[in-house]
Each structure stands twice: as C-alpha cells, then as structure tokens.
Amino acid sequence: MFTLLPFLSFLISFIFAFFVLKRYFQKKGLHQLLWGIGMLFYGTGGFCEAYYGFFGWNPLIFRLWYIFGAILVAAWLGQGTVYLLVKKRVAHTLMIILGVASIFAIYKVATAQLDPSMMSTSLHTGSELSGHAIVSDGVRVLTPFFNLYGTLTLVGGAGYSAWLFWRKRVLLHRVIGNVLIAFGAILPAFGGTFSRFGIPGALYISELLGAIILFLGFLRATTPIQQKQTEVVTGD
C-alpha cells in the first residue's frame, strides 16, 4: 500500500513543475525556473521510490534517487527562493557554486560502489531505499551540506517573506502562501524523524503531503485575491 504514496508524490510534483515552468516561460522569473527544476527532482525521487517498491533493486534507479531525491532537491528549491530575496549578483554567484557542487555530487554518486545488502542493516528511514547502499567513501557526507543549504534558503526564506508581508500588512495571499511553502518543505524532515521511531510509511506520507502543501502554497502565493482588493478600492 505504501508503495503507491511515492508514486502519487511523483505525479503531483510533475504537475506542480508543469505549472511553475509554464509560469516561468510567461514571466521569465529565474526563481520559477529553479522551483520548477526542483519539483522535477522531487518527483524523480518519488518515482524511484515507487519503482523500487514495485520492481525491486536497480542500480540506475538507486543512483537517480540518491542524486535527485536525497541530495539536490532541497538545495535547488531553496536556490529559487534565493533569487527572490537577495541581489541578482549574489544569487548568480550562489547559483554557480551550487551548479559546480551539483555536478561534483552527480559524478561521485554515478561512480560510487554500491552494495544493496547494506540497506537492510541500516536504521529504518521510512523508505526501503537507503544511502547505506553506497559503500564508497566521500559520497554520503555530501548530503547534509546540500540539505542544510536547501532548508535554510527554502524554509527560512519562505518564513522570512511571510513575516515581511505580515509586518507590512500587505499581500495577505503571499503570507499564507509562504507559510504553506515553509511547512510543506519541512514536512519530509519530520517524516524521516517519525520513521526512525518505527512508524511505517512515515517518510512516504510526509513526502506526499509536502508535495501537496508546496503546490497549494505556490498557488496561494501567486494568486492575489483580486475581488476583495477591488471591493476595497471601489468601496463596494
């Protein structure tokens, strides 16, 4: 039953990515491009988890899961938020660093030695796939750096934006949207924590809810309540 959850995460994430990338081609905002790419990564991770649940071990699927689902997703989503909050020069510099680091991470995972039997000896994470299958040195140590950057920029950036709009009492839809984005982004981390206490499927459930809430947050943040604004202006 739990195998269906990452498959749903995959579908929702790719639908989300379609809407965000469509908006990018209309508006040309780099933050939308990065969010779209990040949600493609999110969906790829869900697809790989579902594939493993249905068909079993595959080294290519595992490498894709670890690259996009475990390492890159949070950092690339967070980089989209960086383009909203900091000067373009700083954002471009951080993008170059992230791009080079991502290429290095892809190389390390692509060339790493794998032992799928090691996954069964790892701590329960809520996902049948586990980074313990990577037995080469210097690969798994990369993951915390990408995830820390992603958490600080995506969750912290969304929370900061929501606070700014709330303090100024403007654009309430963006306050709500950013709160949802921050909550949706941090949900998978809570799921991983709960799963370590033996709750079955906690990570899959949190990934699915995270994708849904991120999608709702994006829709709310980018859709002004025009009717109410018009009523205030016209006095109706």
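What follows is calculated from the coordinates using simple rules that are stated; it is not laboratory data. Not measured: the values here are computed from a predicted model. Glycine gets a Cβ as well: all are built from the backbone with ideal geometry, and neighbour counts include every protein chain shown.
Checking the cross-link pairs Lys28/Lys88; Lys28/Lys87; Lys27/Lys87; Lys22/Lys87; Lys22/Lys88; Lys88/Lys108 against a 26 Å limit on the alpha carbon distance flags Lys88/Lys108 as lying beyond it.
Taking label points 7 Å from Cα along the Cα-to-Cβ direction, Val86 and Phe18 give a separation of 3.4 nm.
Panel order for Ser102, Ser161, Ser9, by other beta carbons found within 10 Å of each beta carbon, from fewest to most: Ser102, Ser161, Ser9.
Scoring 26-32, 69-75 by mean Cβ neighbours within 10 Å over their residues and listing the highest first yields 69-75, 26-32.
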